[in-house]
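To start, the structure itself, in structure tokens.
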Number of protein chains: 2
Amino acid sequence: MSGPFGIGVIQRAVGVDKESTLAVHEESIREAVARGAQVVCLQELFDAPYFCKVTDAERFDLAEPIPGPTVSRMQGLASELGAAIIVPIFERRAPGVYHNSAAVVDADGALLGVYRKMHIPDDPLYFEKYYFTPGEIYQHGASAEGPSGFRTFDTRFGRIGVLICWDQWYPEAARITALMGAQVLFYPTAIGWHPSEKEEWGKPQADAWRTIQRSHAIANGVYVAAANRVGYEPEPGTDGIEFFGHSFVCDPFGRLLAEAGTEPEILIAECDPAQIEYTRRNWPFLRDRRIDAYPPILNRYIG
Amino acid sequence: MSGPFGIGVIQRAVGVDKESTLAVHEESIREAVARGAQVVCLQELFDAPYFCKVTDAERFDLAEPIPGPTVSRMQGLASELGAAIIVPIFERRAPGVYHNSAAVVDADGALLGVYRKMHIPDDPLYFEKYYFTPGEIYQHGASAEGPSGFRTFDTRFGRIGVLICWDQWYPEAARITALMGAQVLFYPTAIGWHPSEKEEWGKPQADAWRTIQRSHAIANGVYVAAANRVGYEPEPGTDGIEFFGHSFVCDPFGRLLAEAGTEPEILIAECDPAQIEYTRRNWPFLRDRRIDAYPPILNRYIG
């Protein structure tokens, strides 16, 4: 079991210019590391505006391979700073096979692997099923690591799990990743308010989003760190989306260690494996799971 | 789909005298129904002090068969009032086979069935593995209903699920019961503070308990109603337990509709199936579940 390590969460607005967006995030990562972060998480699709507000085939041009220019640049920064970085981008894997992915780069700059978003939403202004092929379970050539749907990454500092945005609503994803030994579940995210809904639903939506993720910490005895973008992003023909931030880190008992508002912010918190041990000894939920009775969970619906 | 119906949650202290405890709960049920409740939930092991604080073979005498005197009495009350009642008691099924159960009685007094607690805790002052045989998946003679581990009950007013206390920490239990069509998940509970821990852990424990259950509402788009007891119950040779109440009802978005403190209280709230429909249409989590990728959830641990 590794010792304590520092978590960094970057919450930023995204500009239309890719180079300035990358520069802002690089500066943010440097600041996070200077303040003690050793594993830094960027937000979902961090290097581009949230482009899924409409369906437009031109936008597949935003995708990059992994490794590719953006991930390579982050590998260089990780190596320079001695920090692991979670780099969520729009991945071009092959013509017609694009993913909403997160590359995980270790503190020596090595690419540890890629998590590809498993649960893909599709709602007004979030047309993700048009852009993103869902992550698969069995990946060719990944035999050393086994099934690759949900997965963990052994960084220099500790074992982490990465899930992306819509994944956060699924207790199954958190459970499986925690059973694989993740000490922290990272959730790069791009969630916002429809301006017309904000007054009635804004607060309950942000609260539901925080609550479901804190519940994964509690159910599994792991740290949870969510990185969400901020800022209003317009889209011609729509009302646009106001990304609501509220990035946070909570401990294995669901207690908030750090929380942002709706402005750009960098959060720093500590992951202490001893706290995972303590929490799971005292409220030993994993001991009593009724795995004999859980097969019906593999149904879409029962009845 | 049925129409809206009233939920009643009874939060009471338990005396040492069974007859007076039953009388207090009968009066509470009458009051709840007078205030609009149509499905009333009593707290876990409602008719006795929480007896699991020590291991004592004499205490198996507290158990009753289902049906038996207490459940029959509640069947009479249900029929008189025209309300369904969830009756959680210590069940004597056979010599050496005792369960922590909840009988579900419909509004005409019919016994709809029994849920037997599936997840059994075992911690200092909560020695439940000594007393309670866990509920089983395949129950002899239950073929008409199929597997009976997690289950739902069709009351006159709507389809409900019942889970008991420690079950509440398991997203799998909530998920399966919701997939079976439950509109409300009821959680009869007996959870309290160890007096020596209360200052440091009291608030986070009650908050974690509320959060994990609200998360089941959010993940599944169902109502959740939790009934917990209150009051300090001593036990010679121990510091006793201070049951922390905080019973609540929340809607399918996790919003609290009614919430108690640490005093005896009766909560009334409405379950509106239209709200379930609305919530699941707008945040359609059940549509996107990756059931192909969930089999690893049947492991105890991976890695």
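Values quoted throughout were computed directly from the atomic coordinates according to the rules given, and no laboratory measurement underlies them. Source: prediction; values computed, not measured. Ideal geometry is used to build each Cβ from the backbone, glycine not excepted, and the neighbour counts take in all protein chains shown.
With coordinates expressed along the principal axes, the C-alpha atoms belonging to the protein assembly as shown extend over 75, 52, 41 Å, beginning with the largest.
With 26 Å as the limit on Cα-Cα distance, the pairs of B:Lys129/B:Lys198; A:Lys53/A:Lys203; B:Lys18/B:Lys53; B:Lys18/B:Lys198 that go past it are B:Lys18/B:Lys198. Note on the stretch A:185-224: Cα Rg divided by 2.2 N^0.38 Å, N the number of residues, gives 1.37.
Would you mind counting up the charge near B:Gly68? Only other residues with Cβ under 9 Å from its Cβ, with Lys and Arg at +1 and Asp and Glu at -1. Once all neighbours under 9 Å are counted, the net charge is -1.
Here the simple spin-label model places points 7 Å from the Cα toward Cβ, and for A:Arg281 and B:Lys129 these points are separated by 1.7 nm. Per residue, the average separation of C-alpha pairs within less than 8 Å and at least 6 apart gives chain A a relative contact order of 19 percent. Between identical copies, the spacing of B:Ala34 label points, each set 7 Å from Cα toward the C-beta atom, reads 6.8 nm from nearest to farthest.
Average 1/r across all pairs of distinct alpha carbons in the stretch B:148-235, invert it, and you get the Kirkwood radius: 13.9 Å.
Note on the stretch B:77-192: Rg/Rh from Cα positions, Kirkwood definition for Rh, rounded to two decimals, is 0.96.
Only DSSP H runs of four or more residues enter the estimate; each adds -39500 (n - 2.57), and after division by the residues of the protein assembly as shown the mean residue ellipticity at 222 nm equals -8000 deg cm²/dmol.
At 37 °C and a viscosity of 0.692 mPa s, what translational diffusion coefficient does Stokes-Einstein give for the stretch A:36-141, taking Rh as the Kirkwood radius over Cα pairs? Give it in µm²/s as a whole number.
On the way: Rh = 14.3 Å.
It comes out at roughly 230 µm²/s.
Counting pairs of Cα atoms in the stretch A:5-298, how many percent are more than 33 Å apart?
Result: 17 percent of Cα pairs exceed 33 Å.
Normalised by 2.2 N^0.38 Å, where N is the number of residues, the C-alpha radius of gyration of the stretch B:191-267 stands at 1.19. Counting from the shortest, the label point at A:Ala94, 7 Å from Cα toward Cβ, is 5.7 nm from the same position in each remaining copy.
Could you sort the peptides B:66-72, B:15-21, B:171-177 by per-residue average Cβ neighbour count (10 Å cutoff), highest mean leading?
Numbers: B:66-72: 17.6, B:15-21: 12.4, B:171-177: 26.7.
Ranked from most to least packed, the peptides come out as B:171-177, B:66-72, B:15-21.
Label-point spacing at B:Asp17 relative to the other copies reads 8.2 nm, in ascending order, each point sitting 7 Å out from Cα along Cα→Cβ. In a reduced charge model with +1 at each Lys and Arg Cβ and -1 at each Asp and Glu Cβ, the protein assembly as shown shows a dipole moment near 1140 debye about its Cα centre. Distance from the Cα centre of the stretch A:72-130 to that of the stretch B:155-194, in angstrom? Result: 37 Å between the Cα centres.
Find out how many positive minus negative residues lie around B:Glu91, taking Lys and Arg as positive, Asp and Glu as negative, among other residues whose Cβ is under 11 Å from that of B:Glu91. Please report the intermediate quantities before stating the final value.
Details: positive: B:Arg92, B:Arg93, B:Arg116, B:Lys117; negative: B:Glu64.
Net of charged neighbours comes to +3.
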